[in-house]
1. Looking at A:Ala75, is it away from chain B (no Cβ under 14 Å), more than 10 Å from DNA strand C (Cβ to nearest atom) and open to solvent by less than 90 Å² (accessible area, probe 1.4 Å)?
2. Hey, among B:Arg7, B:Arg11, which residue is exposed (fewer than 14 other Cβ atoms within 10 Å of the Cβ), over 16 Å from the mean Cα position of the chain (by Cα) and of a type outside the set (Gly, Ala, Ser)?
3. For residues that are more than 7 Å from DNA strand D (Cβ to nearest atom) and open to solvent by less than 90 Å² (accessible area, probe 1.4 Å), tally how many sit in the stretch A:32-57.
4. Select, from B:Val119, B:Val72, the only residue that is among the β-branched types (Val, Ile, Thr) and closer than 30 Å to A:Val109 by Cβ.
5. Take the stretch A:124-158 and flag every residue that is in contact (Cβ under 8 Å) with a residue 60 or more places away in the chain and either farther than 12 Å from B:Gly167 by Cα or more than 10 Å from every other protein chain (Cβ to nearest Cβ) (or both).
6. Taking A:Thr110 and the conditions (1) within 16 Å of DNA strand D (Cβ to nearest atom); (2) within 11 Å of another protein chain (Cβ to nearest Cβ); (3) open to solvent by 30 Å² or more (accessible area, probe 1.4 Å), which numbered condition does it fall short on, given that it satisfies the others?
7. Out of the stretch A:78-94, which residues are open to solvent by less than 30 Å² (accessible area, probe 1.4 Å), without any contact (Cβ under 8 Å) to a residue 60 or more places away in the chain and under 30 Å from B:Thr117 (Cα atoms)?
8. Mind checking which residues of the stretch A:159-186 are in contact (Cβ under 8 Å) with a residue 40 or more places away in the chain and open to solvent by less than 20 Å² (accessible area, probe 1.4 Å)?
Number of protein chains: 2
Amino acid sequence: MPKKVDRQKRRTQIADALMRVAAEQGLEAVSLRHVAAEAGVSAGMVQHYFRTKDEMMTFALDVVRERNQIRVTDAVTHLGTAPSPRDLLQTIIGTLLPLDEVTRADGRVTLAFLAYTAVRPPASAALREETEQMVGFIAGLLPCPDPENAAAGLLALMEGLGVYLLGGQYTPEQARGILDTHLDRLFAAAPEHTGGIVSARPA
Amino acid sequence: MPKKVDRQKRRTQIADALMRVAAEQGLEAVSLRHVAAEAGVSAGMVQHYFRTKDEMMTFALDVVRERNQIRVTDAVTHLGTAPSPRDLLQTIIGTLLPLDEVTRADGRVTLAFLAYTAVRPPASAALREETEQMVGFIAGLLPCPDPENAAAGLLALMEGLGVYLLGGQYTPEQARGILDTHLDRLFAAAPEHTGGIVSARPA
DNA sequence: TCAATGGCAATACAGTCGTATCGCATCGGG
DNA sequence: CCCGATGCGATACGACTGTATTGCCATTGA
């Protein structure tokens with residue numbers, strides 16, 4: 001066997017180029033040749049590492065998800081030991097929101113893939129699982145009654161903030177303020193234990 | 001002058017076909033020929049009514065926005081006179097959420113356009129204005145301190161619920177429950193006047 | 001050293017894209 | 001009546017798409 005190259009690494013490089021193109025010009029500008037040019041390689045090479053465009057797309061989608069996961073765990077570990085649930089949530093969500101230009105680029109890619117998977121149901125299975133995990137994790141941090149409900153709501157709020165941040169409807173300061181207020185509400189509902197004084201109807 | 005046709009009507013028909021294509025196969029499947037076929041007209045005719053594809057896209061985008069506006073005002077007027085703010089909000093948001101197959105199709109189109117405008121900043125100006133209006137309107141219905149903040153949060157929550165509904169992460173029942181709980185929190189904060197018992201920090 | 005195999009580039013191909021242009025009806029005002 | 005503007009279909013064109021195929025080069029095991 002001749003030369004051995006790190007196949008996975010090359011594929012990731014190409015996926016990175018794809019994400020750059022998608023972030024700047026949208027997913028419909030993603031073609032083999034564009035991605036190859038952005039990656040600084042030949043079109044034939046892209047074809048060599050991904051037999052089909054769909055394979056490349058799926059791989060890139062996985063990379064995006066993986067990156068987000070890593071971002072979250074990184075943020076959590078950097079937070080030190082035993083942070084308060086409130087700080088933990090604020091950090092995690094702050095990490096996931098497109099608040100600076102770097103995360104905005106990622107956000108645009110994620111949004112593009114969101115629209116992409118919306119018309120390709122099979123591709124969204126992993127997304128569903130990821131959300132489910134996230135809801136479970138966040139629910140464990142919330143002192144509200146029906147923490148699953150509150151967790152899902154918090155996640156939805158985050159997603160919506162992300163969308164509006166990308167669209168320029170909200171400023172980063174606004175988004176942070178909204179998130180703060182919401183967390184205040186969630187944690188004020190039951191400061192000590194899981195039994196609230198508000199919300200007579202649990203669901 | 002010969003034959004006079006209702007230009008606006010024809011354009012709307014074509015835009016409808018575009019939205020059907022976008023809802024089923026995504027925005028990248030939208031081409032003059034596809035749209036023409038879906039509309040049951042010749043490709044030349046589409047070209048006759050929209051000199052460029054971008055013009056067609058922009059028009060369709062406006063139609064989508066307009067439809068949503070109409071849907072809201074319709075729902076509001078059907079609600080009778082002097083509804084409670086809470087019912088009003090529930091109805092409006094319930095109308096905007098992709099809860100059944102019809103509104104899901106619209107949601108997919110909206111999501112596609114969201115990603116579309118995310119990489120075309122000039123096209124999102126109208127979106128910004130629409131959101132601003134909406135925030136102002138909703139803020140007037142909320143009894144919280146800092147109603148603008150709460151309104152923006154509610155809107156973001158709605159958007160996020162929409163995204164997760166489309167992705168299949170949340171079921172319609174879940175989404176309704178989350179919305180309910182959130183409204184409970186917002187209205188429980190100050191049952192009578194604009195001064196809450198929870199949330200010590202207004203912003 | 002040499003055959004062979006994997007890495008990669010180049011090209012070919014059929015199809016679709018957006019746009020421009022032509023051609024022909026059809027109907028209204030002079 | 002008929003001239004010309006308008007509605008609309010058909011076709012042409014160059015650019016670009018994803019995929020398949022071909023062939024060279026470098027490296028490596030025998």
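1. Yes, satisfied.
2. After applying the criteria, what remains is B:Arg7.
3. Result for the stretch A:32-57: 15.
4. Of the residues listed, the single one that is among the β-branched types (Val, Ile, Thr) and closer than 30 Å to A:Val109 by Cβ is B:Val119.
5. Residues satisfying the conditions are A:Ala126, A:Leu154, A:Met158.
6. Looking at each condition in turn, A:Thr110 falls short on (1).
7. Residue satisfying the conditions is A:Ile92 alone.
8. Matches in the stretch A:159-186: A:Leu161, A:Gly162, A:Val163, A:Leu165, A:Leu166, A:Ala175, A:Leu179, A:Leu183, A:Leu186.
The values are calculated or read from the model by the stated rules, or taken from the named source; none is laboratory data. On a predicted model such as this, the values are computed, not experimentally measured, just so you know. For neighbour counting, all protein chains shown are included, and Cβ atoms are generated from backbone atoms with ideal geometry for every residue, glycine included. Accessible surface areas use protein heavy atoms only, side chains included; no ligands, DNA or RNA. Shrake-Rupley method; radii C 1.70, N 1.55, O 1.52, S 1.80 Å.
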